[in-house]
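What follows is one structure encoded as C-alpha cells, with my remarks underneath.
The values are calculated or read from the model by the stated rules, or taken from the named source; none is laboratory data. Here the structure is a predicted model, which is why all the values come from computation and not from measurement. Every residue, glycine as well, gets a Cβ built from its backbone with ideal geometry; the counts of neighbours run over all protein chains shown.
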Amino acid sequence: MRVLHIGKFYPPHAGGIERASADLCTALATRGVEVAMLAHASPGDGKSRRYREGGVDVHLAACHGQLLYAPVSPSFPFLLARLLREFRPDLLHLHMPNTSAFWPLLSPAARRLPWLVHWHADVPLDIRRPAVRAMYALYRPFEQALLRRAGAIVATSAPYRDTSTALAPWRDKTQVVPLGIGASPPGGSGSEQVQIVAKDTFVQSQAWPGPGLRVLAVGRLSYYKGFDVLLRAIAQAPEASLLLIGSGECEASLRALARELRIEDRVRFAGRVDDAGLAEAYAQAQLFCLPSIERTEAFGVVLLEAMRARLPVIATRIAGSGVGHVVADGVTGTLVAPGDAAALASAMHAFAGDPAMRRRFGETGNARWQAEFTLDRSADRMLGLYRSLLPANAHRATIAPAASPRPAQAEERGD
C-alpha cells in the first residue's frame, strides 16, 4: 500500500499539526505502508528538498512566504504531479487546513484515487485578521469540494466534529481518530523516571527562574494561546514560577506584560528549545498549563506530552474544542473558563498545596494517555480506514514490527 500525504509544513517547522503528521507517517511506515509526504519548506525557504527520514520519503516544496497563512509555493503543483506519476500512490491523505491540498481537485490522476481528509482544525474565522474572514468566502467552495470528494474524513475529537460548521454536511462519513504520541519523548535521555521522583519537592531547577511550584507551558506565542492570561494568573499565585517554551508574534508584548506585572523574577521565556531540552522540562515540571482562549486550539498535543510525563494539567473549557475531551476534569487535571486569570491562579494554588493530588492526577493522566492517545492506537485505526477505502488487491500493508529507518538522504534544489 502506497499512501501520499499532503501537508502544509513538516518538522523541523514547529507546530502541533506538523509534529502529529510526521509521527503518524513514521508509525505507518513501520506497519509496512510505503509513505511519502509532500509539504512546504518553512516560509522564506526558496529551495525544494527531498530526503528520507524515519522510513518516510519527504518532499518539501520551496516556500517564498505566506499570504494570509497560505504558503506561496509555485512549485507545489508540479511536485504533486511528479509524485503522482513516480510514486504511484494508492491513496491520498490530505491534512487540513491547507490551501495546497486543493491542487488534487485539478488533477485527473489524483481524482482517480480514494482520498482521506484529515481535519485537524477549521479555518479560524474568529481570528484577529478581518482579511482571513473575507478570504474564507473564496476558500470555502474548494474546502467543501474537497470534503465532498473524500471517501472518509477524520476529525481528532467528537466535540470538534460536532461543532464544526464546515463538517456539518459530511458528518455521516466523518470518523473520530484522536491524535496520539509515542511512548518516548524525542530527545529524551532515558532518565525521566528518575527525575519524576523530584516532582513533589519544591527544589529550584535551573530551567525555572524561582522556587515554588514549577509550572510549564509550551506553545507558539500567539494571541489565542492565552499566555497573557497565564501571566496574570502567575501574578496572583506567588507560590508558582513559570517556564514558557515557544516563540511567536506575541513574545514582545508578553515580555512587556511580565515587566508590568513585576513577575520577571518568576517567569522565564525560554524561546524554542531542542527535543532534549523539551523532554528535560517535562521531566522536571510539577504542573502543566494550556490556557488557550479560543477554539483555534483544536486538540492540544502538548496535553498528551504532559500526560505522558505524569504531569497534572490545567487547561481551559473551550466550547467545541477537543481540549475538554483530552483532559478529564477532576481526574487528570482541572478545566477553567477561558480568559479567567483568577480561576487559573486558584487552580495553581490548589495544586501547589496538595502534592498527593498532583501525584494522583499525574498517574491517572498517564493511564488515560496509554489507554486512549498512544501513537500506536492512532496509527492502527488509520490503517484500518485506509483498508476500508481501498480495493482488496491494494491491501499490501500488514502490521509489522517497527523497522530501523534508513539513514536520512537529502537532495535540494532552487525553485
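Figures for the structure shown
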quantity: Count of residues meeting criterion [at pLDDT 95 or above, assigned to a loop (DSSP other than H, G, I, E, B) and within 18 Å of residue 179 (Cα to Cα)] in the stretch 292-309; calculated: 1
quantity: Hits in the stretch 21-74 (condition: within 21 Å of residue 384 (Cβ to Cβ) and assigned to a strand (DSSP E or B)); calculated: 34, 35, 36, 37, 56
quantity: Residue match in the stretch 61-68 (condition: more than 17 Å from the chain's Cα centre (by Cα) and farther than 30 Å from residue 275 by Cβ); calculated: yes
quantity: Qualifying residue in the stretch 279-291 (condition: surrounded by fewer than 19 Cβ atoms within 10 Å (Cβ to Cβ), modelled with pLDDT under 95 and either assigned by TED's automatic domain parsing to the domain that holds residue 313 or part of a strand (DSSP E or B) (or both)); calculated: no
quantity: Test for residue 88: is it at pLDDT 95 or above and assigned to a strand (DSSP E or B); calculated: no
quantity: Criterion: surrounded by fewer than 16 Cβ atoms within 10 Å (Cβ to Cβ), aliphatic (A, V, I, L, M) and touching a residue at least 24 places away in the same chain (Cβ under 8 Å) - qualifying residue of 29, 81; calculated: 81
quantity: Residue that is surrounded by the fewest Cβ atoms within 10 Å (Cβ to Cβ), among those in the stretch 258-278 that are assigned to a loop (DSSP other than H, G, I, E, B) and in contact (Cβ under 8 Å) with a residue 60 or more places away in the chain; calculated: 274
quantity: Criterion (in the same structural domain as residue 34 (by TED's automatic domain parsing) and without any contact (Cβ under 8 Å) to a residue 12 or more places away in the chain) met by exactly one of 133, 161, 140; calculated: 133
